[in-house]
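A short worksheet on the structure shown next.
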Amino acid sequence: MMREAAFRIKTALGGRSSTDAYREFLAMDALDPEAIAEVSARRSAEHAQFAFGHSPFYRELYSSHGFSADDLRDPAAFSALPIVDKAMLRENFDRIRTDEANDRTSVVSKTGGSTGLPLHLLRDLRFPARALEWRLFEWWGVRPWDDRGIVTRHVLTGAARIRHDLGWLPSRRVQLDAFQITDEAVAEFARSWNRVRPRFLIGYGGGVLDAVRRLQRLGLTLTPPRAVAVTAAPLTAGTRAEIETAFGAPCFDHYRSAEIPWMAGECAHQSGLHVFADVRRVEIVDAADEVVPDGVEGEVVVSDLTNRVFPVIRYRLGDISRLLPGTCACGRGLPRLGAISGRSSDAVRLPDGTTIAGALGHIFDDFPLSIRQFEIVQEADYSVTLRCIPSDRPDAQTGIDAAAEKLRFATKGIVPVTVERVDSIPQVGGKMRFIRSAVPATS
């Protein structure tokens with residue numbers, strides 16, 4: 001109760017915009033799908049109009065594709081706007097920024113570069129992004145003032161760590177560096193965790209999974225949290241089950257990026273990631289960049305409807321997924337994104353020129369709990385190896401055999417496919433991948 005009181009006093013003094021936004025978000029969650037879709041369409045059109053009028057880059061881009069300012073008033077025009085990618089943002093930083101960007105309204109943010117060269121962009125300080133975090137925590141039974149454990153690639157030290165911890169009071173942080181996960185680091189994390197007893201854990205999926213396996217091997221246990229949340233890695237049924245068993249708590253998937261934070265997340269039903277459609281617009285497009293119907297898998301294109309200093313509109317994130325039809329049993333009207341099945345840049349490439357990407361993330365769908373984790377590795381000679389960590393279930397071998405047959409069918413029998421049962425699969429900086437190929441994309 002003391003911690004909650006301290007949090008409410010703190011937000012009353014300096015976080016009123018966040019608490020107001022939080023209330024608005026909770027009210028939005030209660031609307032029906034049609035009302036939310038109407039809000040999303042209106043805000044999308046308004047943001048495109050704003051970008052046209054205030055960003056030289058978007059004004060030139062849209063004009064070159066035949067769009068005028070009047071055209072952008074029509075919400076139906078939004079899905080026909082050209083898609084932007086990381087290279088375009090990187091090469092046009094000064095021209096993308098708007099006339100609202102200054103030292104008071106913006107701060108430079110950058111991606112980690114794990115999927116390519118780092119990217120610099122501007123974050124709009126006027127948008128209370130922390131309230132989006134609270135919105136998601138509410139679904140998981142977590143409160144903003146709760147202590148938390150974090151598995152991240154941005155662990156601070158020294159004076160920076162002290163300033164950071166003071167800024168997050170009254171909640172406390174127990175951190176594990178996803179780039180430095182060793183037995184010693186995990187043992188120290190466990191000691192700090194059991195001293196603080198955080199209510200939940202959030203972090204990179206690969207890092208959390210690595211920590212789980214080290215804890216088990218070292219014979220260490222953690223005080224169970226209320227919830228575990230992972231991101232930046234495909235969350236298969238087997239991986240989810242392993243994490244939930246280790247922590248004695250539900251494991252939730254959520255979706256965010258350095259370019260556009262807090263885009264979607266699971267609720268207690270774990271049946272798709274609810275998109276924050278009032279402030280983030282998610283579309284799925286095919287190879288021709290045409291929007292596909294719900295249920296059809298394609299590339300994820302996202303728009304941040306809140307950043308007025310550095311608009312990011314119809315941005316190709318490089319992930320593969322689908323929008324789920326229907327509504328969730330939780331009653332929220334927000335649209336739902338399916339699990340990320342891979343990245344468009346991660347693909348198996350065949351000698352005949354065929355490229356196979358996202359579909360291979362589904363090879364264990366018929367026997368999801370037969371393995372704890374898997375990856376597909378392709379060597380430079382085109383040969384393919386399915387590496388998997390089997391589960392303890394009696395159908396483990398049946399599931400592995402079925403997945404191997406799907407992989408052989410997908411590769412059309414023109415490259416050798418072998419199966420390797422392993423005890424571990426490496427992660428880098430907390431991230432995991434389904435596919436690693438040594439065959440160049442231009443091959």
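Coordinate-derived values only; no laboratory data. All figures in this text were calculated on a predicted structure; none of them were measured in a lab. Glycine also receives a Cβ, built like all others from the backbone with ideal geometry; neighbour counts cover every protein chain displayed.
Taken as Cα centroids, segment 231-308 and segment 324-390 sit 14 Å apart, rounded to the nearest whole angstrom. How big is the charge dipole of segment 242-294 about its Cα centre, in debye rounded to the nearest 20, if each Lys and Arg gets +1 on its Cβ and each Asp and Glu gets -1 on its Cβ? Charge dipole of segment 242-294: 260 debye, to the nearest 20. Using 0.36 nm per residue and subtracting the Cα-Cα separation, the extra length available between Met88 and Leu26 on full extension is 18.8 nm. Summarising the amide proton neighbourhood of Val151: residues at separation of 5 or more, or on other chains, whose placed amide H is nearer than 5 Å comprise Leu176, Ile202, Gly203, Tyr204. In this simple spin-label approximation, Asp183 and Asp352 carry label points 7 Å from Cα along the Cα→Cβ vector, and these lie 4.9 nm apart. Close Lys pairs in the chain (alpha-carbon distance under 27 Å; sequence gap of 8 or more, or different chains): 4.
Projecting label points 7 angstrom from Cα along Cα→Cβ for Ala359 and Asp294 puts them 2.5 nm apart. Short-range pairs are left out: with C-alpha atoms under 8 Å and at least six residues apart, the relative contact order of segment 348-437 is 36 percent. Taken over segment 348-437, the alpha-carbon convex hull comes to 94 cubic angstrom per residue. When Rg and the Kirkwood radius Rh are both evaluated on Cα atoms of the chain, their ratio Rg/Rh stands at 0.96.
What does the charge dipole of the chain about its Cα centre add up to, to the nearest 20 debye, if the Cβ of each Lys and Arg holds +1 and the Cβ of each Asp and Glu holds -1?
1780 debye
Dividing the summed -39500 (n - 2.57) terms of all DSSP H runs of n ≥ 4 by the residue count of the chain sets its mean residue ellipticity at 222 nm at -10000 deg cm²/dmol. In whole percent, what relative contact order does the chain give with Cα contacts below 8 Å and a gap of six or more residues? Relative contact order, the chain: 15 percent.
So if we plug the beta-carbon distance of Thr105 and Arg195 into 1/(1 + (r/R0)^6) with R0 = 56 Å, what FRET efficiency do we get, rounded to 0.05? Don't jump to the answer; show the numbers that get you there.
Values: r = 40 Å, r/R0 = 0.71.
Efficiency, from the Cβ-Cβ distance: 0.90.
The string of couplings for segment 231-244 from the Karplus curve (6.51, -1.76, 1.60, θ = phi - 60°) is 8, 6, 7, x, 9, 7, 4, x, 5, 4, 4, 5, 5, 5 Hz, one whole number per residue in order, with x for Gly and Pro. Computed from backbone phi, the HN-Hα couplings of segment 366-373 come to 6, 9, x, 9, 6, 9, 8, 6 Hz, rounded to whole numbers (Karplus: 6.51 cos²θ - 1.76 cosθ + 1.60, θ = phi - 60°; Gly and Pro given as x). Residues of segment 184-210 with an amide N closer than 19 Å to a point placed 7 Å from the Cα of Thr221 along the Cα-to-Cβ direction: 187-201.
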